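We did not get these values from a lab; they are worked out from the coordinates using the rules stated. Bear in mind that the values here come from a model prediction, so they are computed numbers and not experimental data. As a convention, Cβ positions derive from the backbone with ideal geometry for all residues, glycine included, and neighbour counts pool all protein chains shown.
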Amino acid sequence: MRGITAMRVGTGALAGLGVIAYVIGGGAAFVVLAVAGVAALGLVAWEAYEKLHHGDRAARFALEHGWEHLPRTAAYSMRFSGQPFDLGGSSVRQEDVLRGTYGGVRCATFTHVVEQQTDGQRSSAQVFQVTLAELPVRLPRLDIVPEHLGHHVAQALGGTDIEVESHAFNARWRVIARDLKYGHDVIDPRMIERLLAHDVQGRSLRIDGGAVLTWSPGREGVETLSRRLDVVTGIARRIPAHVIRRFEDQGAAMADPDAPLVGPAWATTPGVLNSRRYTGIGADEAQQWTPREPDADPEAPRA
């Protein structure tokens, strides 16, 4: 069962067989419980094996392709809205984060893990694979979901279902946005053409938080990463330039993490009490900044 840990499945199966064993009674009950215990442990072991090898493959991919690999972070937990980021949970994190450039676009993929806690005990986890392409500007949220899911998304988002002149598109997709004009601006003929391609079919897509992202239950390995990256970068490239410019003019441009730091040496030199995270204070004077010469001795005779 994708998206739910084997612990949850194994525990449920064990409980069900326990009831059967109680009804049967006698020696047969012991056999049933023993089989159930072995099965549950097997599922847990398989989940641990799959998680370990997923991380190993991610680390190897990063080494071979020059990408960055983070075993664990929470950097994306609060960045996006909607499923799977609105599931709550007592522990929310991202595992095996891969970040790099694909076709000139900065991208990332990670396993989003949401754990619940009941009566002080950590219970089941829900697991999703998220893949995203970064945008140069923060755009309003827009959901592009398979047609049969659109009604539920529209209810949750409080947005409007946008229809276009393409019957094939309307039959396959629902586009949900709060701003009708913005939605129609994004879903132009070039975007419609990309969304009718075979590799996008069945995927849930979202523009939100300065990124185009797609997600699915469970872990997806690096063997399918290029297909997922083709989808999110393809959508990112088809966002019309006039939409990007409009929101850049409104001050929604995203900071470029690769841009060189600007500031005096004490603010940009690694290890000088700053971790290379310049605050921007005094940036206007940064280019002209030079060390001051020491003041002359006030007791010295003047020329």
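Output ³J(HN,Hα) for region 181-186: one whole-Hz value per residue in order, computed from phi by the Karplus curve 6.51 cos²θ - 1.76 cosθ + 1.60 with θ = phi - 60°, and x for Gly and Pro.
Listing the rounded values in order: 4, 4, x, 5, 5, 6 Hz.
Going through region 63-95, which chymotrypsin sites (Phe, Trp or Tyr not before Pro) have at most 15 other Cβ atoms within 10 Å and a DSSP loop state?
Loop-located and lightly packed - none at all.
What number comes out for the charge environment of Thr233, summing +1 per Lys or Arg and -1 per Asp or Glu over other residues with Cβ under 12 Å away?
+3
Looking at region 164-198, which trypsin sites (Lys or Arg not before Pro) are DSSP coil and have at most 14 other C-beta atoms within 10 Å of their C-beta?
Arg178
Going by how many other beta carbons lie within 10 Å of each one, how would you line up Ser226, Ser216, fewest first?
Going from sparsest to densest Cβ surroundings: Ser226, Ser216.
Counting Lys +1, Arg +1, Asp -1, Glu -1, what net charge surrounds Gln250 among other residues with beta carbon under 15 Å of its beta carbon?
Cβ neighbours under 15 Å give a net charge of 0.
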